[in-house]
Amino acid sequence: MLDGVEYLVSSISFDAVLKFLRRLVDHTSESPFVLLVSVSTKTMKEQEIKNLEREMEVLAF
């Protein structure tokens with residue numbers, strides 16, 4: 001589970017975090033594990049959220 005994506009984006013950059021998440025998704029898709037990423041839609045730009053949604057399956061709670 002990865003929590004605090006917003007913090008990573010503010011510390012590094014969205015592009016770097018997206019690249020990192022793509023690599024994690026690739027690695028976990030070849031394994032029996034599940035990758036959970038917690039993101040607050042209130043603290044990120046709409047375009048950034050859309051980019052993340054394209055990369056992963058969305059589970060809303």
> What pairs can you find where one residue is in segment 8-32 and free of Cβ contacts under 8 Å to residues at least 24 places away in the same chain, the other is in a loop (DSSP other than H, G, I, E, B) and surrounded by 13 or more Cβ atoms within 10 Å (Cβ to Cβ), and their Cβ atoms are less than 8 Å apart, with a gap of 6+ or different chains?
Replying inline: 24/35; 28/35
>> Please go through segment 13-61 and give me each residue that is within 11 Å of residue 2 (Cβ to Cβ) and of a type in the set (Val, Ile, Thr), ordered by number.
In response: 17, 25, 28, 37, 39
>> Among the residues of segment 39-58, what is the count of those that are in contact (Cβ under 8 Å) with a residue 12 or more places away in the chain, surrounded by fewer than 12 Cβ atoms within 10 Å (Cβ to Cβ) and closer than 15 Å to residue 24 by Cα?
In response: 0
> Do we have residue 34 as modelled with pLDDT of 90 or more and in a loop (DSSP other than H, G, I, E, B) here?
Replying inline: yes
> Out of all the residues in segment 3-31, which are surrounded by 10 or more Cβ atoms within 10 Å (Cβ to Cβ) and part of a loop (DSSP other than H, G, I, E, B)?
Replying inline: 3, 4, 12, 13
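The values are calculated or read from the model by the stated rules, or taken from the named source; none is laboratory data. As the structure is a computational prediction, the values presented were derived from the model and not from experiment. No Cβ is skipped: glycine too gets one built from the backbone with ideal geometry, and neighbour counts run over all protein chains shown.
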